[in-house]
1. In region 71-107, how many residues are more than 21 Å from LEU20 (Cα to Cα), exposed (fewer than 15 other Cβ atoms within 10 Å of the Cβ) and of a type in the set (D, E, K, R)?
2. Starting from residues that are surrounded by fewer than 16 Cβ atoms within 10 Å (Cβ to Cβ) and out of contact with any Asp or Glu (no Cβ under 9 Å at 6 or more places or on another chain), keep the ones in region 47-70 and report whichever is modelled with the highest pLDDT.
3. Name the residues in region 28-40 that are surrounded by fewer than 20 Cβ atoms within 10 Å (Cβ to Cβ) and among the small types (Gly, Ala, Ser), would you?
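The values are calculated or read from the model by the stated rules, or taken from the named source; none is laboratory data. Note that this is a predicted model, so its numbers are computed, not measured. Cβ sites come from the backbone with ideal geometry, for glycine too, and all protein chains shown count toward neighbours.
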Amino acid sequence: MATRLNVMLVDDSEAVLVLLQRAICTAAPDWDVRAVRGGKAALKFLEGEDALNQQERYPAPEVLLLDLNMPGMSGFDVLQWVRASARWQHLVVILFSASEEQRDVNRAYALGANSYLLKKTGFEELCQTFAMLDRFWRNASFATVGALATPARQGLSLE
């Protein structure tokens, strides 16, 4: 059995979250997904405000799958916060967006995103994307890039 991978999925649309979770369950069944609606909710969880009483149910994420265009707090805002945080700076952050604008892609990488993927709308395309992500991040060599050196992998708690 493959090692479970703790993934936080962040999007502002409940319908998109449901669709993405269905695709993940189909294509990457060894992912434990914590879906949160919006950037502010993601930060609340990462800061520990939402997680203190739920650590066993929702362990610290190892991968953050992040929508770009969200009201209130964009994916760029969340990414900047993550990279500035001593606790989360090595968290794998994958921006998952419908934007094909080169300036968005460039900005995402400049802010420290590990990947930038176009959000597909078809279920089969989403499944293919998540299967590819699963293979890539499980097989990548992290010895030199520091990825997946999250608090969960280091044995640290959220407290």
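1. Going through region 71-107 one residue at a time, the tally reaches 2.
2. The initial filter retains those residues of region 47-70 that are surrounded by fewer than 16 Cβ atoms within 10 Å (Cβ to Cβ), namely 47-49, 52-57, 69.
The next check asks that each one be out of contact with any Asp or Glu (no Cβ under 9 Å at 6 or more places or on another chain); those that pass are 47, 49, 53-54, 56-57.
On the way: GLU47: 86, GLU49: 63, ASN53: 49, GLN54: 57, GLU56: 57, ARG57: 63.
Result: GLU47.
3. Hits for region 28-40 are ALA35, GLY38.
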